[in-house]
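Each remark here refers to the structure printed beneath this line.
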Amino acid sequence: MAVTIKLPTQLRGVAGGAAEAQADGSTVGEVLEGLYAQHGELRDRIAGDDGELRRFVNVYLKGEDIRFLDGLATPVADGDEVTILPAVAGG
Amino acid sequence: MPAEALKCKECSTTYPLEARYVCERCFGPLEVAYRAPASTADELKRRIQAGPSTLWRYADFLPLDRVPRSSLPTGMTPLVRADRLAERLGIGELWIKNETANPTHSFKDRVVSIALARAIELGFDTVACASTGNLAGAVAAHSAYAGLPAYVFVPGDLEPEKILSAGAYGARIVGVRGNYDDVNRLCTEVSGERENWAFVNVNVRPYYAEGSKTLAFETAEQLGWELPDRVVAPIASGSLFTKVARGFQEFIDAGLLSGDVPAMHGAQAEGCSPVAQAYAAGTDVCRPVKPDTIAKSLAIGNPADGPYAVDLARRTGGSIDAVSDDELRAGIRLLAETTGIFTETAGGVTTATLAKLAARGELGADDRVVAYITGDGLKTLDAVRGSFEVADIEPRFEAFEAIESGVAV
């Protein structure tokens, strides 16, 4: 299932300048794996050694923080939009 | 103490002093790093004391190439000795840092002063922010003074006083259907797409955050160059809380103060307490929450500096508490009737937490305590609506006499 992944400006340099990417998968985690397969350097930026998201990376599925859903195991549907953003804004 | 670089708080990667806020390697937050001061403590103190009665007197500790020639005068707010409140709570010595005395009636004038000055140095032509309310007014006012257009993004259900007062300065107000975290997410995206915009708490956030250090600088100076033992301050993103401690530390490191950073006690509202929950759970992982509290200026469910706030409270022997909306209403009342300072809901949270700590015996008769009252009650009037009765009489002496016996004196 094709999902659109929106990349923040800070990650575009290691994604060939792209603002978004398409990847397949049935969960957010699988979609991110698909993203890493296209742009290998992104894995280290987004995920820690344990495969979990780094603590200042926020991932949203259709605008909702995936921590309110089922985290990386959250199911995705064809045409969904996943957004990756830095967590350190605001306040 | 000139600024040297932006440095990642997680992995220590350094970057030039530009408009960036995120480490590209690990997404950690960037913070301004300084060289050790070239001046002695006496020289620094002399320069501070000869400076203006604003936060610019601390220019040696701020990340600017030069102090702005003119700006809305911010800072040097009163540090009010609160003997009646101290007596009520059984605290030895209590001081209230009254931030309602700033130009737009909250501590946000400090952070905006620094962010805007740096934004102008970096060549930005538009100012913007994601606001829980107080920031909206500060960005709107300081941008108006500087003659720059401002875009203020707020949750659509914000208190009308905060929306109206921000709009009065001519800023473009954008009400977003969602909570503050939705606003923040949107602004993070917009910030990436609008290169000539300085979002004070997004792309120039490292400079913005430095403004809160001046709360500590002033406190120490107003206490006669001494440290408090304990500090009580509200936590929304955790930025103010952590920067107040950093301010004390910088003055200690520069030789201006002797002693240790005070015990840092954080205050949150129960309806939005991800940092207090992490503290109570013994972790620094702040699980995001959906805010549900009348303390809207503290309603950040996804606090950027949450982990650092938890670490700081633990490291300094402080704490992080949460209080209910009823407790915060009582806190507003308690502060008003013992100090003459009318605070908004966030200050109610701080005062209620102060009372809770005192009741628990954490603030003792030997302690010198400073509480930071960060905003003005006139901006959250609904919090006190209905909390007292207004007598309604005919303009006749007998009518007054009739109700007088029933009025508490």
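Nothing in this text is a laboratory measurement; each read-out follows from the coordinates by a stated rule. Remember, it's a predicted structure, so these values are computed and weren't measured experimentally. No Cβ is skipped: glycine too gets one built from the backbone with ideal geometry, and neighbour counts run over all protein chains shown.
Quick look at the numbers
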item: Most fluctuating residue given options B:Ile235, B:Ile294, B:Ile252, as computed from a GNM of chain B linking Cα atoms under 10 Å; result: B:Ile252
item: Under the Karplus curve 6.51 cos²θ - 1.76 cosθ + 1.60, θ = phi - 60°, whole-Hz ³J(HN,Hα) for the stretch A:73-80, x wherever Gly or Pro sits; result: 7, 4, x, 10, 10, 3, x, 5
item: Within chain B, helix-based [θ] at 222 nm, where runs of 4 or more DSSP H residues each add -39,500 (n - 2.57), nearest 500; result: -11500 deg cm²/dmol
item: Shielding by partners - mean other protein chain Cβ count within 10 Å, residues of A:40-46; result: 1
item: Angle between chain B longest axis and helix B:306-315 axis [Cα atoms, degrees, rounded to 10]; result: 80
item: Residues B:Tyr15, B:Tyr58, A:Tyr60 arranged by fewest to most Cβ contacts within 10 Å; result: B:Tyr15, A:Tyr60, B:Tyr58
item: Choice from B:Arg360, B:Arg314, B:Arg110 showing the highest fluctuation, given a GNM over chain B with Cα pairs closer than 10 Å; result: B:Arg360
item: Under 13 Å, Cβ to Cβ, from B:Glu404 - net charge with Lys/Arg +1 and Asp/Glu -1; result: -1
item: Under 12 Å, Cβ to Cβ, from B:Ala355 - net charge with Lys/Arg +1 and Asp/Glu -1; result: +1
item: Efficiency of FRET from Cβ geometry, B:Phe400 and B:Ser53, R₀ 51 Å, rounded to 0.05; result: 0.70
item: Estimated vicinal HN-Hα couplings, Hz - the stretch B:184-189 in sequence order (Karplus 6.51, -1.76, 1.60; Gly, Pro = x); result: 4, 4, 4, 5, 4, 5
item: Rounded to 10°, Cα long-axis angle of helix B:345-359 versus longest principal axis of chain B; result: 80
